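Working notes, beginning with the structure itself.
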Amino acid sequence: MHPDDQRRPVVGERLNRSLTTGCLIALLLLVIVLVSGLAGLWYANWHADNVNSQRRAQAVSSILQQARDTADDTARSLDASHSADIDKLIGVIWKHSGSPLIRYDSSHQALTARLPKQVMYETAGVLPGAGSDAVRRCVLFTFSYLDDHVWTPKVTLQAGDACRSVTDIGYLSRLADKRIGKMDAGQLSRVQIQKALDPTGRLHTFAVKRVTRGDGKVTAAILISSHDGTAEQCYRITRSITPADENGLPSTAAPTSSSCST
């Protein structure tokens, strides 16, 4: 047998082993790259979730701190008012908090107010480019008149949905304020205001209880109910009797307690 014929199988075997080894190395490198990529993706996602959780917690803390500051300021103003008139006390709370729904609980000598709050924050993600999200909470303020004759505030954060009816009443009060501001002076009667607020008579969200005039102003006491019927608040809307132009006249809509009682 020729020597070249003996060397050919050996060379072929070496070539096959080299190719096999090269393929294994390439496959191993590919696996390493894939595993590294997946590990990096997992870490980036884990890090983004952690960052977003921290930012959500900071947003909630911000809402709580703002609410506590508002509650403390309101309690001091309630003490300074030296008043036992519920409407005046409600006015103090409304001035500081802007809550559309303020109620008095005579059995506990406490006033409660609810207010929706929202804080936006930037979100972290796996891919470049920041997005945004929001934390929504319903703030419940409770002001209790204790034995030491001071108003003591308490703040509770509830889920955002707990303020759905509050948001609705706030919207309806602004709507009523706007419509009354645009009415002609000669139409500012109980019947005409009721018709302006509820033209079809089927909404059941507005009930005009009384209309009074004096000092060049007209005041309407309106019981406003949320669309779902879970909450209601009496509002006192006051505007000038001066004829309104196309932009309407400035008026004031404020929550009250006794104005809607019959």
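So, in segment 70-127, exactly how many residues are more than 27 Å from the chain's Cα centre (by Cα) and not aliphatic (A, V, I, L, M)?
Adding up the residues that qualify gives 9.
Select from segment 129-169 the residues that are modelled with pLDDT of 95 or more, more than 17 Å from I63 (Cα to Cα), among the hydrophobic types (A, V, I, L, M, F, W, C) and out of contact with any Pro (no Cβ under 6 Å at 6 or more places or on another chain) and list them in ascending order.
Scanning segment 129-169 gives a single hit, W151.
Is it the case that some residue within segment 149-162 is surrounded by fewer than 17 Cβ atoms within 10 Å (Cβ to Cβ), in contact with a helix residue (DSSP H, G or I) (Cβ under 7 Å, 6 or more places away or on another chain) and not hydroxyl-bearing (S, T, Y)?
Scanning segment 149-162, I find at least one residue that is surrounded by fewer than 17 Cβ atoms within 10 Å (Cβ to Cβ), in contact with a helix residue (DSSP H, G or I) (Cβ under 7 Å, 6 or more places away or on another chain) and not hydroxyl-bearing (S, T, Y), so the answer is yes.
For L197, work out the one condition from (1) in contact with a Cys (Cβ under 8 Å, 6 or more places away or on another chain); (2) free of Cβ contacts under 8 Å to residues at least 60 places away in the same chain it doesn't fulfil.
Evaluating L197 over (1) in contact with a Cys (Cβ under 8 Å, 6 or more places away or on another chain); (2) free of Cβ contacts under 8 Å to residues at least 60 places away in the same chain leaves (1) as the failure.
Sort through L78, L89, L101, L111 and tell me the only one that's out of contact with any Cys (no Cβ under 8 Å at 6 or more places or on another chain) and within 18 Å of L157 (Cβ to Cβ).
On the way: L78 fails: within 18 Å of L157 (Cβ to Cβ); L89 fails: within 18 Å of L157 (Cβ to Cβ); L111 fails: within 18 Å of L157 (Cβ to Cβ).
Exactly one residue qualifies, and that residue is L101.
List the pairs whose first member sits in segment 45-70 and is in the same structural domain as K154 (by TED's automatic domain parsing), whose second member is in a helix (DSSP H, G or I), and whose Cβ atoms are under 7 Å apart, counting only residues at least 6 apart or on separate chains?
Sorted first by the residue in segment 45-70, then by its partner, the pairs are T70/H96; T70/S97.
Only one residue in L34, L28 is modelled with pLDDT under 75, of a type outside the set (F, W, Y) and not assigned by TED's automatic domain parsing to the domain that holds L146, so which one is that?
Details: L34 fails: modelled with pLDDT under 75.
Exactly one residue qualifies, and that residue is L28.
Which of the residues that make up segment 181-205 are out of contact with any strand residue (DSSP E or B) (no Cβ under 8 Å at 6 or more places or on another chain) and not hydrophobic (A, V, I, L, M, F, W, C)?
K182, D184, G186, Q187, Q192, K195, P199, T200, G201, R202
Would you mind finding the one in A196, A162 that is under 30 Å from A67 (Cβ atoms) and of a type outside the set (D, E)? Quick ask: steps written out before the conclusion?
Values: A196 fails: under 30 Å from A67 (Cβ atoms).
Of A196, A162, the one residue that is under 30 Å from A67 (Cβ atoms) and of a type outside the set (D, E) is A162.
Here are T152, T156: which of them is free of Cβ contacts under 8 Å to residues at least 24 places away in the same chain, farther than 22 Å from S225 by Cβ and outside any helix (DSSP H, G or I)? If you could, list the steps in order and put the result at the bottom.
On the way: T152 fails: free of Cβ contacts under 8 Å to residues at least 24 places away in the same chain.
After ruling out the rest, the residue left standing is T156.
The values are calculated or read from the model by the stated rules, or taken from the named source; none is laboratory data. The structure displayed is predicted, hence computed values, not measured ones. Because the Cβ atoms are built from the backbone with ideal geometry, glycine has one as well, and the counts that use them run over all protein chains shown.
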